[in-house]
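So the structure is just underneath, and the comments pick up after that.
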Ligand SMILES: Nc1ncnc2c1ncn2[C@@H]1O[C@H](COP(=O)(O)OP(=O)(O)OP(=O)(O)O)[C@@H](O)[C@H]1O
């Protein structure tokens, strides 16, 4: 699945429209109480049923955790939601629209993005260049417009707005001082910040984070969490897959437990912590 987790940059679309980074204050346009609804999702690989009728909802403006023992189907569920994989059955609804089976860039265009590891070829580009590549569709549009008489001023304006937006996002994540550093030279934590900055540049309503803290030192983990909470307070919705149970329990207001491709239970961290079925599913009760 390595190809699926590192799509070409040009698959990362944007719905940047006004160029201004008002996104941090008012860019979230979710009106649904539960912007993400997953119903009866199913996916098999040969004889293995990775996701077996999973159904759940994610409430707007929450940091919701998706947990489960190894092989429970978390990554496959993420890939089905974000269009990296097509489900055998079931539906995914986002902001009231059936998005089942859409391509990843079509889903990103509708405001749901997942973070991607910086691909090897992007390591040889600077942080700023990585950011400028994120909203590729807008650049395509700019190119098209540049050959259309009479709209050159618009193009310049649009590109200036994009650059301004890039700097604001870099500033928000405190990585503006390393804008000219090669992505390949960043620490694990700085890379995670860049991955999230790139995702945010596409102006999403909802972000899916798959193990965003893996390989991140405690200082940067704290910083990353602060950014996530700040964005959540501004109305962004997060679905988070994370193995660190303490981190999930201390930061998520709602937790969904997957087991053998199905939702075993869901609730507040306190509900989950004391749930016998969950403890059994983890065989050893490390919750
Ligand atoms: N492309 C694939 N081909 C075959 N089997 C797969 C594929 N992807 C996942 N699986 C299998 O589906 C099941 C669920 O895998 P998945 O990676 O979704 O679980 P997970 O909960 O994310 O696990 P982990 O916590 O270990 O990352 C596992 O048995 C896995 O081996």
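A short reminder: the numbers here are calculations on the coordinates, not readings from a lab. Just so you know, these numbers come straight off a predicted model, no measurement behind them. Because the Cβ atoms are built from the backbone with ideal geometry, glycine has one as well, and the counts that use them run over all protein chains shown.
When you scan the stretch 104-118, how many residues do you find that are crowded, with 16+ Cβ neighbours inside 10 Å and not in a helix (DSSP H, G or I)? Selection size over the stretch 104-118: 8.
Could you list all residues from the stretch 246-269 that are surrounded by fewer than 17 Cβ atoms within 10 Å (Cβ to Cβ), away from the ligand (no atom under 16 Å from the Cβ) and under 27 Å from residue 39 (Cβ atoms)? If the condition is that a residue be surrounded by fewer than 17 Cβ atoms within 10 Å (Cβ to Cβ), away from the ligand (no atom under 16 Å from the Cβ) and under 27 Å from residue 39 (Cβ atoms), then 253, 267, 268 are the ones that fit.
Summed over the stretch 28-72, residues that are assigned to a loop (DSSP other than H, G, I, E, B) and either out of contact with any helix residue (DSSP H, G or I) (no Cβ under 9 Å at 6 or more places or on another chain) or more than 16 Å from the ligand (Cβ to nearest atom) (or both) total 16.
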